[in-house]
Amino acid sequence: MKYLIDPMDLSVKEIDDLISLAQDIIDDPKKYQNVCQNKILATLFFEPSTRTRLSFESAMLSLGGKVLGFSSASSSSSTKGESVTDTIWTVSCYSDIIAMRHPKEGAPLVALKRSKVPLINAGDGGHNHPTQTLTDLLTIKREKGRLDNLTIGFCGDLKFGRTVHSLLKAMSRYSNIKFVFISPKELNIPEYLKKDLLEAKNLDYKEVHKIEDVIEELDIIYMTRVQKERFFNEQDYIRLKDTYILDLKKIENSKKDLIIMHPLPRVNEIATEVDDDPRAKYFDQVQNGRYIRMALIMTMLELQNEVEK
Ligand code: NCD
């Protein structure tokens, strides 16, 4: 596996293998503590991040590897006018694997041409976020025991939310998945996903405006933040930002085993009173993100079979 740019770069079998490996790491993390000795991960973040960057670094450190990188474009030579391609070309001389995040959609694909080492997209604009998707799939598998026969509600900014776009694509390959999109009309799921994915594959989906109208049907509700940085107009952001605030009242009629997910960061989308409810799984996602990235790094470096048994 030389790159991971789009969640569809992975076959269902490869996803299954990554999830199994992550589960084995969870059961016995010590077994993996030296797998990446002498390997270097570079994290190049041209856009802000807390969880994604730190979980990549934590994952590599937990495998006995080392990390280097930058956490904002302003501390890299991109401020001098260097192209992304040249930056990646350079950094691939200093590292064994690269995770990059960039505000421009498609930037990792362009950078891939010059990378001499495996490259992971850690988020490109409003487009894709495949490692969040792996995190989400591991969480769903651990909580529900399956990745098929599920009704999933995506709520919030479905237009700009790359975590939604990537998870939707990945889930579209499992059988009997029903998608429910809950958003104000300005933040509807993009047309290209409706046409080229949902309709092309004849998937079961509907679009609604209110959580209360559908909560009873859902196995999963996936909340998202309104993506302030992708708006052209501050007024629109202010008008839309608090459209959905999930509180205990709104989930009163949910299935008992509903799970509430959120890629985080949360702004106001989930009231803190929900945090201690057994249905809340968003901090489990954070924890799972570390394990699945350990599995991914090992697999991309072809070290998944190097573990002492
Ligand atoms: C998300 C992202 O960066 O797309 N965060 C994350 O990586 N966990 C979601 C967001 O920023 O809203």
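Every read-out reported here was derived from the displayed coordinates using simple, explicitly stated rules and does not represent laboratory data. No experiment lies behind these values; they were computed from the predicted model shown. Cβ sites come from the backbone with ideal geometry, for glycine too, and all protein chains shown count toward neighbours.
A few points about this structure:
- Region 1-105: Cα Rg divided by the 2.2 N^0.38 Å rule of thumb: 1.17
- Over 22 Å between alpha carbons, listed pairs LYS144/LYS255; LYS144/LYS256; LYS141/LYS194; LYS80/LYS104: LYS141/LYS194
- Karplus-derived HN-Hα couplings along region 112-121 (A = 6.51, B = -1.76, C = 1.60, θ = phi - 60°), whole Hz, x at Gly and Pro: 4, 4, 10, 7, 8, 10, x, 10, 10, 7
- Remark: region 147-162, residue by residue, has Karplus-estimated 3J(HN,Hα) of 10, 10, 6, 9, 10, 10, x, 9, 10, x, 8, 8, 7, 9, x, 5 Hz, where x stands for each Gly or Pro and the curve is 6.51 cos²θ - 1.76 cosθ + 1.60 at θ = phi - 60°.
- Interatomic Cα distance distribution for region 267-309, bins of 10 angstrom, percent: 23, 33, 21, 18, 6
- Where only DSSP H runs of four or more residues are counted, the chain gives -9500 deg cm²/dmol as its mean residue ellipticity at 222 nm, each run worth -39500 (n - 2.57).
- Put simply, the amide H of SER72, placed in the peptide plane, has neighbours under 5 Å in PHE45, leaving out anything fewer than 5 places away on its chain.
- Loop sites in region 251-295: GluC sites (Glu not before Pro), DSSP, at most 11 other Cβ within 10 Å: GLU252
- Phi angles across region 11-25 convert, under the Karplus curve 6.51 cos²θ - 1.76 cosθ + 1.60 with θ = phi - 60°, into 3J(HN,Hα) values of 7, 4, 5, 5, 5, 4, 5, 5, 5, 4, 4, 4, 5, 5, 4 Hz, Gly and Pro given as x.
- Student exercise, region 73-120 dipole from Lys, Arg, Asp, Glu Cβ charges, in Debye to nearest 20: 60
- Once C-alpha pairs closer than 8 Å and six or more residues apart are averaged by separation and normalised to the residue number of the chain, the relative contact order reads 20 percent.
- Principal semi-axes in Å for the chain [√(5λ), Cα gyration tensor, largest first]: 31, 23, 18
- Close amide-amide hydrogen proximity is noted between LEU150 and ILE177, LYS178, each under 5 Å apart and 5 or more residues distant or on a separate chain (H modeled in the peptide plane; Pro and chain starts excluded).
- If R0 is 41 Å, the Cβ-Cβ spacing of GLN287 and ASP86 corresponds to a FRET efficiency of close to 0.70.
- For GLU207, the residues whose modelled amide H falls within less than 5 Å of its own, excluding neighbours fewer than 5 places apart on the same chain, are PHE181.
- Check: region 65-185 dipole with +1 on Lys, Arg Cβ and -1 on Asp, Glu Cβ, in debye: 260
- For region 72-121, the convex hull spanned by the alpha carbon atoms encloses 72 Å³ per residue.
- Using only alpha-carbon positions in region 177-236, the gyration tensor eigenvalues give semi-axes of 22, 17, 9 Å once each is multiplied by 5 and square-rooted (largest first).
- Here region 268-309 is assigned +1 on the Cβ of each Lys and Arg and -1 on the Cβ of each Asp and Glu. Its dipole about the Cα centre then comes out at about 200 debye.
- Cα-derived Rg over Rh, computed across region 135-279 with Rh taken as Kirkwood radius: 0.94
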